[in-house]
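A short write-up of the structure that comes next.
Taken together, the values in this text are just the output of simple stated rules run on the coordinates, not laboratory data. All values reported here derive from a predicted model rather than from experimental measurement. Cβ placement follows ideal geometry from the backbone for every residue including glycine, while neighbour counts extend to all protein chains displayed.
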Amino acid sequence: MALALLVVLQLSATWLSIWSGLVRRLLKSEPTVLVRDGVMLHGAMRAQRVTDGEIRQSVRSRGIGDLSEVAAVVLETDGSFSVIPASQAGRLTTLPGGESH
């Protein structure tokens with residue numbers, strides 16, 4: 001019974017998000033820049049409830065030893081972190097809002 005309720009709720013949320021922009025904005029998150037040019041954006045981190053340790057771990061897991069070597073860290077809509085090394089940053093046009101470097 002509980003599984004059926006979850007399925008119905010999921011289908012309802014999906015259907016509503018397709019047909020209503022307001023519901024879509026409420027249910028879907030946007031990618032959020034958490035680090036820019038090696039500097040942690042603490043306001044964005046607080047808003048997304050992300051800790052310094054989580055960001056440092058994601059940077060280390062990409063083989064980067066210093067935040068100054070990071071152009072950006074983005075919290076993606078699926079909860080994963082995208083780490084863009086400064087050496088590969090280019091103009092950063094893939095950041096949310098198409099921001100350029």
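Observations
- Modelled label positions at Ser20 and Glu69, each set 7 Å beyond Cα in the direction of Cβ, lie 4.8 nm from each other.
- Taking amide H as placed 1.01 Å from N in the peptide plane, Val35 has its amide H under 5 Å from the amide H of Leu41, Val73, each at least 5 places away in sequence or on another chain.
- Principal semi-axes of the equivalent ellipsoid, √(5λ) from the alpha carbon gyration tensor of segment 12-78, are 30, 11, 10 Å from largest down.
- Trypsin sites (Lys or Arg not before Pro) within segment 6-76: DSSP coil, no more than 16 neighbouring Cβ in 10 Å: Lys28, Arg49, Arg62
- Under Karplus coefficients 6.51, -1.76 and 1.60, residue-wise ³J(HN,Hα) of segment 64-74 in Hz, glycine/proline x: 9, x, 9, 4, 5, 8, 10, 7, 7, 10, 10
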